[in-house]
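Rule-based calculations on the coordinates, nothing more; no lab input. Only a predicted model underlies this, so the values are computations on that prediction, with no experimental measurement involved. Don't worry about glycine lacking a Cβ; one is built from the backbone with ideal geometry, like all the others, and counts go over all protein chains shown.
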Amino acid sequence: MIHSDIDTLEANAKAELDALLAKETVSLKDKLAITPQRPKELLPLERRTSFDETNLGLTESQARLEASRCMKCKKPFCTASCPIGMPVPAYLEYVAAGNFEEAIKLIRDTSLFPSICSRVCPHEKQCQMNCAIGKSLKDPSKGLSLGNLERFCADYERLHLGGKKPLPVDAPTGKKIAVIGGGPAGLAAALDLRTFGHDVVIFESAKELGGVLRYGIPEFRLPKSILDYELSILSTMGISCRTGVTVGKDITIPELFNNENFDAIFIGNGAGLALKTGVPGEDLKGVFTAEEYLRKGNLREEIASGENVVIVGGGNVAMDASRMAFRLGAKKVRIVYRRTRNEMPACKAEITEALEEGVEVLELKNPAEILGDDLGRVQKIRLDLFELGEPDEQGRARPVKIEGQEEFIDADTVVLAIGSKVSSEIKDSTPGLETNRNGTFVVQDPETGLTSCKNVYVGGDAMHGPQTVVLAMKTGRTAAKAIHETLMR
């Protein structure tokens, strides 16, 4: 059924594309009339017990037709709103013409990991939201499907063009740089530093590289085979990796400088320390942080997740955890959120996919206490009730507790997806390294990521708190350039 559905999408797109190409000129009216192309997805009730990727990708004709919708703006707002400045209209012109090889070359000039970013970036809040054709149609959801187009090009390269190639490496500089953390920021910094000709060693506390990409984002959104494919060039470029090493415990920054003679250090250890709500009952069996829950789920490790799961939170991590719950055997999954669905910070696409799979959202509620049975396992949750008040500093309506009102719901598993912060091992073991109240590292210059310690730089969530993967990569690359310029003076 899936293949026949995809064949139908391809046939319909090809017919519309052929009709478009037959025109001597394509007017703005013609572009506005093109059917927006969206990829085939696994059916909700089938996919919620499968770790297979939900999104099956655009077909070739779909990609060309979707790219043909681009209005080729002189001042493209899509590029301006992309954290890394992707030259969107330029590469879409190649896609529309069927020249996918040149398209992916342009993409890789800007993005180190397009197969990853295309799958996990919040395009609807960045480039797609600012797409001119979506604005013209008065519906941002009808803007160009830029994540799917970027993914198509990256997947086409992998499947038909021999795969990604190692980046060229400059002549050896004799400089040695330690990169702490093998997540998005650290990986981006390591690659750029290596291309400059420096010796680079990545220190990663987990068994494998990837950070949140491997252990946080579920397989059904980012297959680990895709992650491994993008990371395969590290060893061929001569980047060394020491996994299972926690800097701050197993080795310190002063030791890296003094005992191992590193010339500079980049900190990209992320914000992996999960926050808790502080309500009574958080230590009961069956209560997990989202970080632990997703990590175990991604690694297929045994986890005592029950059939009646409640997720606390409203961000993308909460959506991932809610969808993971079904794949871990849940029969009923509910999200508890103290505002309404409209105020949820998660991407609308992520919320929609969770709802399609059967996740329920309990609005204007928040745990006041988690109650257990005689064996110390979660049994119920006592919820406070809220109403929306005046807007906060971000413009979202504040949740105001309704005094004297509460509600009880049954649950055998609770997952706390309310945020995370930077762990303190590095700060505690490095004299003079300053941090902010939330644990992020103080920087002398946000444009370079230089910390309060000489030749120690930071990027990603360790610098700005939990944000997007693409922003983490951008800060890693920015710091790499600053490190190179400093060392080569």
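Brief remarks follow.
- Estimated purely from DSSP H runs of n ≥ 4, each contributing -39500 (n - 2.57), the mean residue ellipticity at 222 nm for the chain is -10000 deg cm²/dmol once divided by its residues.
- Computed from backbone phi with θ = phi - 60° and the Karplus coefficients 6.51, -1.76 and 1.60, the 3J(HN,Hα) list for region 330-345 is 5, 9, 9, 10, 10, 9, 9, 9, 7, 10, 9, 4, 5, 8, 4, x Hz; x is used for glycine and proline.
- Rounded if a/c under 1.5, otherwise prolate or oblate - region 274-416, Cα gyration tensor axes: oblate
- Prolate/oblate/rounded call for the chain, Cα gyration tensor, a/c under 1.5 rounded: oblate
- Here the label points at residue 444 and residue 207, each 7 Å from Cα along the C-beta direction, are separated by 4.1 nm in the simple model.
- With θ taken as phi - 60° and the Karplus curve 6.51 cos²θ - 1.76 cosθ + 1.60 applied, the whole-hertz 3J(HN,Hα) list for region 190-195 is 4, 5, 5, 4, 5, 5 Hz, x standing for glycine and proline.
- Mean separation of Cα pairs under 8 Å and 6 or more residues apart, divided by the residue count, gives the chain a relative contact order of 15 percent.
- DSSP-loop trypsin sites (Lys or Arg not before Pro) across region 272-352, with at most 16 other Cβ within 10 angstrom: 276, 300, 331
- Given 138/165; 138/296; 285/421; 164/249; 74/138; 23/105, the pairs whose alpha carbons are separated by over 31 Å: 138/165; 138/296; 164/249
- Filtered trypsin sites (Lys or Arg not before Pro), region 220-254: DSSP coil and at most 14 other beta carbons within 10 Å: 249
- Region 310-378 and region 266-294 have their alpha-carbon centroids 15 Å apart.
- Contact order relative to length of region 2-160, as percent, for alpha carbon pairs under 8 angstrom and 6 or more apart: 23 percent
- For region 109-117, the Karplus equation 6.51 cos²θ - 1.76 cosθ + 1.60, evaluated at θ = phi - 60°, returns couplings of 5, 10, 10, 6, 9, x, 4, 7, 4 Hz by residue, with Gly and Pro reported as x.
- Three-way shape label, region 2-160, alpha-carbon gyration tensor, a/c 1.5: rounded
- GluC sites (Glu not before Pro) restricted to DSSP loop in region 225-298 with at most 12 other C-beta within 10 Å: 260
- DSSP beta bridges confined to the chain are antiparallel in about 40 percent of cases.
- Computed magnitude of the charge dipole of the chain (debye, nearest 20; Cβ of K, R +1, Cβ of D, E -1): 980 debye
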